[in-house]
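Worksheet: one structure, shown below.
The values are calculated or read from the model by the stated rules, or taken from the named source; none is laboratory data. Nothing here was measured: the structure is a model prediction, and the numbers come from that model. Every residue, glycine among them, receives a Cβ derived from its backbone with ideal geometry; neighbour counts consider all protein chains shown.
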Amino acid sequence: MNQKTKIWKQRKIIHIDMDSFFASIEIRDNPNLKNKPVAVGGKANERGVLTTCNYLARKYGLHSAMSSKTAIQLCKDLIIIPVDITKYRKDIKRNF
């Protein structure tokens, strides 16, 4: 086995779906949000946009970069949590 083959046999390529990562952290930290449509992003009355949302919210057609105002029109029960990048960074460092 040559050196190149050894390197490729040692390397692993993984795909991590981080689409709803921020929303998942918020739900983990607040169990009352479980089984509810949750998004992380800016306020609807301040031209905010969603950074992400959980898969339950996606069933209503919500997605990242959508205006918060439009998201609330599509999903009346949507709970929008403000972005807490410090919290998310801590989780990323702890887990990766």
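Are any residues in segment 54-72 in a helix (DSSP H, G or I) and of a type in the set (Lys, Arg), and if so, which ones?
Scanning segment 54-72 gives Arg58, Lys69.
Tell me which residues, restricted to segment 34-53, are part of a helix (DSSP H, G or I) and surrounded by 17 or more Cβ atoms within 10 Å (Cβ to Cβ).
Across segment 34-53, the qualifying residue is only Ala44.
May I ask you to list pairs of residues, at least six apart or on different chains, whose Cβ atoms are under 6 Å apart, with the first in segment 63-92 being free of Cβ contacts under 8 Å to residues at least 60 places away in the same chain and the second being in a helix (DSSP H, G or I) and among the acidic types (Asp, Glu)?
Pairs found: Ile81/Glu26.
Tell me, please, whether a residue that is of a type outside the set (A, V, I, L, M), under 14 Å from the mean Cα position of the chain (by Cα) and surrounded by fewer than 19 Cβ atoms within 10 Å (Cβ to Cβ) can be found in segment 69-79.
The answer is no, given that none of the residues of segment 69-79 is of a type outside the set (A, V, I, L, M), under 14 Å from the mean Cα position of the chain (by Cα) and surrounded by fewer than 19 Cβ atoms within 10 Å (Cβ to Cβ).
Restricted to segment 14-30, and to residues that are out of contact with any Leu (no Cβ under 8 Å at 6 or more places or on another chain) and not hydrophobic (A, V, I, L, M, F, W, C), which residue is farthest from Ile79 (Cα to Cα)?
The extreme case among them is His15.
Might you check whether a residue that is modelled with pLDDT of 95 or more, exposed (fewer than 12 other Cβ atoms within 10 Å of the Cβ) and within 15 Å of the chain's Cα centre (by Cα) occurs anywhere in segment 4-27?
So far as segment 4-27 goes, no, none of its residues is modelled with pLDDT of 95 or more, exposed (fewer than 12 other Cβ atoms within 10 Å of the Cβ) and within 15 Å of the chain's Cα centre (by Cα).
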